[in-house]
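Enquirer: Take a look at the following structure, please.
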Amino acid sequence: MHSLDVETLNFYAAEAETYSLQARGGKSTRLDPFLAALPAGAKILELGCGGGQDSLVMLTRGFDVTSTDGSPEMANQAERLLGRTVAVLPFDQLAEHSVYDGVWANACLLHVPRPELAPVLARVHRALKPGGVFYASFKAGAAEGRDRFQRYYNYPSRAWLMSQYAPLDWLRVEIDESSGGGYDGETTAWLHVTAIRSA
């Protein structure tokens, strides 16, 4: 099993341009607090950068950003916006050690098959410097499933999600909840996880 589902990748391949344009119309309210927790010019890895809108904000503010996406088509869309190379990086191929001050994974790890999430989180933990900040968001639920576009979601509960983070050495893990939307236009319960790697 891989860290990204084939049907999900097929969706992003087919809808990359439309998805990117829609996503660029919004702004993540979680990005500012994430960046505020980092030193000036911090080295940030963005996983699942989509159309590149969050990377653009971070770059504009002077951060050293490595933008990645698991979909070649989405990476191409981000390259058009950013004017720089965006790596195609499936989550299970992240292999760096103690490199990043922060990892930003907005609405992307929610596509990782449940059995693969804990190993992916371990890779992120390893890639962070001691004291590094990791943000990820998930659509909440009780069991894995697919949306009307046949995209796979792990749909975690708060308790299940915390159990995936718990085995790793974090200084703290905080989960906030909110209600919002997504590309499918449906009201969604979201779980926002901020974790700090132990020093």
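Enquirer: In segment 150-195, what count of residues is obtained for those that are assigned to a loop (DSSP other than H, G, I, E, B), touching a residue at least 60 places away in the same chain (Cβ under 8 Å) and under 19 Å from residue 124 (Cβ atoms)?
Expert: Total meeting the criteria: 0.
Enquirer: Here's something else I'd like to know. Go through segment 123-148 residue by residue and tally those that are surrounded by 15 or more Cβ atoms within 10 Å (Cβ to Cβ), hydrophobic (A, V, I, L, M, F, W, C) and not in a strand (DSSP E or B).
Expert: 3
Enquirer: Taking into account only those residues within segment 85-115 that are part of a loop (DSSP other than H, G, I, E, B) and among the β-branched types (Val, Ile, Thr), which is farthest from residue 190 (Cα to Cα)?
Expert: 85
Enquirer: Related question: Can you tell me which residues in segment 64-78 are open to solvent by 60 Å² or more (accessible area, probe 1.4 Å) and part of a helix (DSSP H, G or I)?
Expert: 72, 73, 76
Enquirer: Sticking with this one: May I ask you to list the residues in segment 79-95 that are aliphatic (A, V, I, L, M) and either open to solvent by 10 Å² or more (accessible area, probe 1.4 Å) or within 14 Å of residue 107 (Cβ to Cβ) (or both)?
Expert: The answer is 81, 82, 87, 88, 89, 95.
Enquirer: In addition: What residue, among those in segment 43-63 that are among the charged types (D, E, K, R) and farther than 17 Å from residue 137 by Cα, is surrounded by the fewest Cβ atoms within 10 Å (Cβ to Cβ)?
Expert: The extreme case among them is 61.
The values are calculated or read from the model by the stated rules, or taken from the named source; none is laboratory data. Everything numeric here is computed off the predicted structure, so don't read it as measured data. Note that each Cβ is placed from the backbone with ideal geometry, even for glycine, and that neighbours are counted across all protein chains shown. Quick note on the areas: whole protein, heavy atoms, side chains included, nothing else; ligands and nucleic acids left out. Shrake-Rupley method; radii C 1.70, N 1.55, O 1.52, S 1.80 Å.
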